[in-house]
1. Relative contact order (percent) for the chain, with alpha-carbon contacts under 8 angstrom and 6 or more residues of separation?
2. How large are Rg and Dmax for the chain when calculated on the C-alpha trace, in angstrom?
3. Charges on Cβ only, +1 for Lys and Arg, -1 for Asp and Glu, centred on the Cα centroid of the chain; of Tyr222, Val247, Leu301, which one is farthest towards the dipole's positive end?
4. Can you tell me the orientation of helix 217-228 relative to the chain, as the angle in degrees between its alpha-carbon axis and the longest Cα principal axis, to the nearest 10?
5. Order these by the 10 Å Cβ neighbour count, fewest first: Met168, Met315.
6. Tell me, what ³J(HN,Hα) does each residue in segment 85-93 have, in order and in whole Hz, if you take phi through Karplus 6.51 cos²θ - 1.76 cosθ + 1.60 with θ = phi - 60° and put x for Gly and Pro?
7. Highest GNM mean-square fluctuation, the chain, Cα pairs closer than 10 Å: which of Leu15, Leu273, Leu162?
8. To the nearest Å, what is the center-to-center distance of segment 96-131 and segment 259-336, using C-alpha atoms only?
Amino acid sequence: MMQNMTITEFLAQHLQGEHSAALTAMLSDIAHAVKQIAVVIDAGAIAGNMGSLATESVQGVNVHGEVQKTLDVLTNDIFVEAIQKSGYVAGMVSEEVVDPIKSMVKNGQYLLCFDPLDGSSNVNVNISVGTIFSVLKAPNSQPELADFLQAGTEQICGGYALYGTSTMLVFTTGDGVNGFTLDKKTNTFLLTHPQMQIPQNTTEFAINMSNYRFWQEPVQRYVDECLQGTEGERDKDFNMRWVASMVAEVHRILVRGGIFMYPSDAKARMGKLRLMYEANPMSFIVEQAGGGSSTGLQRVLEVSPTGIHQRVPIMLGSKNEIDRIASYHQKKSKRK
Ligand code: P6P
């Protein structure tokens, strides 16, 4: 693959089949929206967007009861605006909007689920954040809520933008995972990470340790063994990371391996992360890069959705570690 080819050249060369023209147009519009969001994020406090929407009068919380940041709404509007006018999206689901967003056009063939700014609470402390998106086929041009409730295996595209030390766009359409870096001199995304692959093994795990006492036994067992290293069951010592920004964690795992976990716990029975626009697209990407993604009891991609904002426990990353932690869950469920 030609190093540093533009995203447009890449899509023209690599997208084949029935979806190629529409997916090329959609990904080009997503790239355009990401560039606009990157400008807003880069402006930081100068643009005056660091606050939250909650005021005495405006509640400013999303469907999950989380306080909405100004940037959550601003980036949501940028994404909706960029995609809604196109001719290929019949409807959208956003983390920031309770109900599905109808498209302005009547012949759209896709559904788009997205989290416009994942990890937004990191923005005012200048830590990486991202946008996550998932593309499904629309069963008809006037989709109802139930039409979005498709398992992750039905996705035709999954991707994320990472607003980090550089701005990147990483996605899969089912034929491997490719990463593009925004060249800010020319405002063009260039292919810098062709065919990304996750190492099968790792010595790095990522989890919010403050929830330890709430975890189920298989997760406590797995993390205990990582902490004990060669003094316990494992033949190696482990390192730990926790950025509190899923996109940053997943990108690190794509580049150098690792395991990211947000399991169910006594506080959040179904975990914290949302299935349709966080867990599913990230699981599609991770599996396409040779990794694994599990709820502990099944592939995340095989979960049958019951709600557009439902949460799901997730453990993803280096395949051999995912297989190990899944085996701990299965042993426990057999004992039960
Ligand atoms: P905690 C960000 O709010 C997010 O949805 C993910 O990006 C991130 O991995 C997780 O929540 C962080 O959760 O419990 O550490 O705040």
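No lab work stands behind these numbers, since they all come straight from the coordinates. Treat the numbers as computed from the prediction; the structure is a model and nothing was measured. Methodologically, a virtual Cβ is constructed for each residue, glycine included, from the backbone with ideal geometry; neighbour enumeration extends over all protein chains shown.
1. The value is 15 percent.
2. Considering the chain through its Cα atoms, Rg and Dmax are 19.5, 62 Å.
3. Final value for the positive-end residue is Tyr222.
4. Approximately 80 degrees, to the nearest ten.
5. With the sparsest Cβ surroundings first, the list reads Met168, Met315.
6. Those phi angles translate into 7, 6, x, 10, 9, 8, x, 9, 10 Hz.
7. Highest fluctuation of the listed residues: Leu15.
8. 21 Å
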